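A short write-up of the structure that comes next.
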Amino acid sequence: MARAITFAFERRPSLVFGSVHRPMALVGLWSQKLNGWIRVAMLVDTGADYTLLPHIYASHLGIRLDQAGHLFTTMGIGGSERVYLVRRWPMTIGTWRREIPLGFVARNDVPHLLGRQACLETFRLTLSKHRTTFAS
């Protein structure tokens, strides 16, 4: 049985509140380009249906979106975005490994979002006292 893993929230500037604490996690994503895992700090977003990264990460992971990705348009608070979705991609958090849907937006100025589908929903997730804890 894997042990729980905890990440501290990150303090970020906020125009409204001065600063906010955001739940973050350090995630491993498989890179076909490097034939190894790369570490990505991601915002734990329980409101995100799936994990989402800026377009540049497709290149880092060795993914050709024109061949591997399913293209669709999604709506969010910032309006509509084109998303390339890879249905199954290897990911790790601590010692846990998952195959998750991984989306890429056409822009590079978006946050790294760790979403629910086949990922957050598979853990017992606790957000408390500026810490994010993953457990099985």
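Values as computed for the structure displayed
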item: Gain upon complete extension [HIS130, HIS60; 0.36 nm per residue less C-alpha separation]; result: 22.2 nm
item: Net charge of neighbours whose Cβ lies under 12 Å from the Cβ of VAL20, counting Lys and Arg as +1 and Asp and Glu as -1; result: +2
item: The stretch 27-134 shape via C-alpha gyration tensor axes, a/c threshold 1.5; result: oblate
item: Charge context of THR6, other residues only, Cβ under 14 angstrom, K/R +1, D/E -1; result: +3
item: Share antiparallel - DSSP beta bridges, the chain, percent rounded to 5; result: 90
item: Excluding exposed DSSP-loop trypsin sites (Lys or Arg not before Pro) (at most 16 other C-beta within 10 Å), longest clean stretch of the chain; result: 65-106
item: Karplus (6.51, -1.76, 1.60) ³J(HN,Hα), θ = phi - 60°, over the stretch 13-26, in Hz, Gly and Pro reported as x; result: x, 9, 5, 8, 10, x, 8, 9, 10, 10, x, 10, 9, 9
item: Environment charge of VAL86, counting only residues whose C-beta is closer than 11 Å and scoring Lys/Arg +1, Asp/Glu -1; result: +2
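FYI, it's all coordinate maths here, none of it is from the lab. Quantities reported herein were computed from a predicted structural model and do not represent experimental measurements. Counting neighbours? That spans all protein chains shown, and the Cβs are built from the backbone with ideal geometry, glycine included.
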